[in-house]
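K.L.:
Quick one: the structure is below, and I'll ask about it shortly.
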Amino acid sequence: MNIFNLRSFDQLTNQHDVDETELLDVVGQVVTYEDVKTYKQGNDQSVFINVVLEDDQRNKILATLWSELVDQIQHYLNESTDEPLIVVFQHMKAQKFRGNYSVRSCWYQTKIWINSTLPQSIDFKSRLLAARQSNFERITQISSQQSYSVRDELDKGIVLFKTIRDLVQCTQECSYWIAAKLINLELDRGWSYLACNKCNRKVDKVENKYFCKKFNEEEFSVTHRYRLQVRVMDGTAFISLLLWNREAMQLIGKSAKELKERLLETSIADADCSYPSELDDILYKKFMFKVIVKQENIESQVEVYKVLKLSDDDDLLKEYNHSLFEDTITVNIFYSQTSSYKI
């Protein structure tokens, strides 16, 4: 049974009349997105994001997503990858402005699937592969005058602030700001990985060769990228945070490649050196972290949260930490909740 009423972009872009009360579905590749914006009406406010979708014939259409759908798509937009971002939007409405149609989400009705295994998504990707021959358009962000700083996100209520205790009790997927002190490096799985320069995914080493699973071929261009897990606290609870390359580089100030090269040089003189000493420099420092609550955090109580952004702005930390960093949690609780230590 086909539950989708897919509308071709050709119908929406070539001035066909469309029933604007009808719910319709679209599938396409995200090629452009704008900054998250806020719409205010009286005392109520909502957030929305505009993304541009492209079909396999290079027709484009603007799609506007509101409220919780913004969080569902935003972390995919932030990830750097050569893989096309394929989306299926169900129960959208068409709207006409100056002769051009766009589509928008509807309250409590619209559902979105991102890089899913739906037949509609797989079929579209196959057509896209045939048309593009792997030359996909990279996702680009269009900055606007309404680009939001960390301060704007917090003051305008675009992204809410929570204590860690409240964060772990969240029951829906969303992103939040927290203020936390970094207290430990969790290095059981290392701090970096060797990545394919084409797709940024981990490569497998077989003897003296590297293989990329995505392209199923030997890869000659590889580099070290961050995958750093840390333990943080704010006086109400502890959680673990996962920082990928961009955020970890901002935190540390050096690339993973630089640290790896320095570590190899240092290891010759110091056999006990198993991780870069620069990582110790971030311990016991306070940061604002924007983290995303995912389904695995809610359903499986996984207390590892991905970091989307971070800031060490002193004014923000003074305003939002209050007394959160006071040592109100005993040493015994610290050791019982901190399962892995620097190695």
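K.L.:
Can you spot the aspartates and glutamates whose alpha carbon is less than 19 Å from Lys96's alpha carbon? Ignore those fewer than 8 places along the same chain.
P.N.:
By straight Cα distance, Lys96 reaches Asp10, Asp17, Asp19, Glu20, Glu22, Asp25, Glu54.
K.L.:
For the range 195-235, build the charge dipole from Cβ charges (+1 Lys, Arg; -1 Asp, Glu) around the Cα centre, then report which of Val222, Tyr210, Val232 sits farthest towards its positive end.
P.N.:
Positive-end residue among those listed: Val232.
K.L.:
What distance in nm lies between label points placed 7 Å from Cα along the C-beta direction at Ser116 and Asp315?
P.N.:
Each label point lies 7 Å from its Cα, and together they span 4.3 nm.
K.L.:
Ok, one more. Going by average Cβ neighbours within 10 Å, how do the peptides 198-210, 20-32 rank, with the highest at the top? Walk me through the intermediate numbers first.
P.N.:
On the way: 198-210: 13.6, 20-32: 17.7.
The peptides rank, most packed first, as 20-32, 198-210.
K.L.:
Let me ask another. Using the basic label-point model (7 angstrom from Cα toward the beta carbon), what is the Asn2 to Asp280 distance in nanometres?
P.N.:
About 6.4 nm separates the two model spin labels.
K.L.:
For the pair Arg132 and Lys205, how long in nm is the line joining their label points, each one 7 Å along Cα→Cβ?
P.N.:
Inter-label distance under the simple model: 3.2 nm.
K.L.:
How large are Rg and Dmax for the range 194-254 when calculated on the C-alpha trace, in angstrom?
P.N.:
15.5, 48
K.L.:
Of the listed pairs Lys162/Lys309; Lys37/Lys181; Lys202/Lys290; Lys213/Lys257; Lys181/Lys202; Lys198/Lys257, which have alpha-carbon separations greater than 20 Å here? Walk me through the numbers on the way to the answer.
P.N.:
Numbers: Lys162/Lys309 15 Å; Lys37/Lys181 30 Å; Lys202/Lys290 25 Å; Lys213/Lys257 22 Å; Lys181/Lys202 29 Å; Lys198/Lys257 16 Å.
In this structure, Lys37/Lys181; Lys202/Lys290; Lys213/Lys257; Lys181/Lys202 exceed 20 Å between Cα atoms.
K.L.:
Which peptide among 246-252, 171-177 comes first, and what is the full order, when sorted by highest mean count of other Cβ atoms within 10 Å? It would help to have the intermediate numbers written out before the result.
P.N.:
Working: 246-252: 19.7, 171-177: 16.7.
Top to bottom by mean Cβ count within 10 Å: 246-252, 171-177.
Readers should treat all values here as calculations from the given coordinates under stated rules, not as data from a laboratory. Given the structure is predicted, the values throughout are model-derived calculations rather than measurements. Cβ atoms come from the backbone with ideal geometry, glycine included; neighbour counts cover every protein chain shown.
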